[in-house]
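Written below as structure tokens is the structure these notes are about.
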Amino acid sequence: MPAPRTSTLEMLARTLLVPYALGVALIVWLPASVAGRVTGLAYRIARFFSENFGVPLTTSYAVFEFLANIALFVPFGLLVAAAWPRMNQWLVILLGYASSATIELVQTLLPSRYPTISDVIANTLGTVIGCLGLHAVLKISVAGRRLRTPTVEA
């Protein structure tokens with residue numbers, strides 16, 4: 001029996017995983033001073049909230065850095081789920097967790113990096129959002145197609 005044909009969406013997702021993974025690697029493993037040019041956005045937003053809304057900078061930075069880590073891994077969940085649609089959702093989430101834990105373990109070896117459990121939690125949550133978001137969109141689009149398809153009654 002021949003293997004099922006790979007869809008365009010699967011091929012596109014697999015292709016996009018390569019530059020995504022390279023980008024994440026650069027963000028999380030470059031020295032903090034270099035990566036800070038990209039990740040400094042969370043600090044600037046936190047400072048804005050601190051200055052304009054009276055939120056302590058440490059609090060607003062912690063929140064925005066957590067949200068940035070979630071956002072960093074939403075594409076991971078989405079792309080892995082799209083690249084291998086028959087893969088169990090729990091396995092996609094486990095891969096997101098394992099990838100995040102690996103990143104944090106490698107960061108223990110980098111002098112300018114500070115690994116945290118909150119990063120693993122946020123990255124895993126981002127994976128969950130990406131994976132479940134894709135499945136929800138696909139389910140809605142399939143249901144919508146069924147509703148739009150005319151049925152012939154005999």
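Using a Förster distance of 22 Å, how high is the FRET efficiency between residue 33 and residue 55, based on the Cβ-Cβ distance and rounded to 0.05?
With R0 = 22 Å, the Cβ-Cβ based efficiency is 0.25.
Quickly estimate the mean residue ellipticity at 222 nm for the chain, helices only: each DSSP H run with n ≥ 4 gives -39500 (n - 2.57), and the total goes over all residues, rounded to 500.
-28000 deg cm²/dmol
For region 1-107, which trypsin sites (Lys or Arg not before Pro) are both in a DSSP coil and crowded by at most 15 other Cβ atoms within 10 Å?
Filter output for region 1-107: 5, 86.
What are the equivalent ellipsoid semi-axes of the chain, built from the alpha-carbon gyration tensor (square roots of five times its eigenvalues), in whole angstrom, biggest first?
36, 21, 13
Return the FRET efficiency for the residue pair residue 140, residue 25: r is the Cβ-Cβ distance, R0 is 35 Å, and the value is rounded to the nearest 0.05.
0.60
Which helices, taking whole DSSP H runs in the chain, have alpha carbons extending 18 angstrom or more along the helix axis plus mean Kyte-Doolittle at least 1.6?
The qualifying helices are 57-83.
Taking the convex hull of the alpha carbon atoms in region 3-70, what volume per residue do you get, in Å³?
Given the Cα convex hull of region 3-70, per-residue volume reads 118 Å³.
Here, each number is a calculation from the coordinates, and none is a lab measurement. None of the values given here were measured: they were computed from a predicted structure. Every residue, glycine among them, receives a Cβ derived from its backbone with ideal geometry; neighbour counts consider all protein chains shown.
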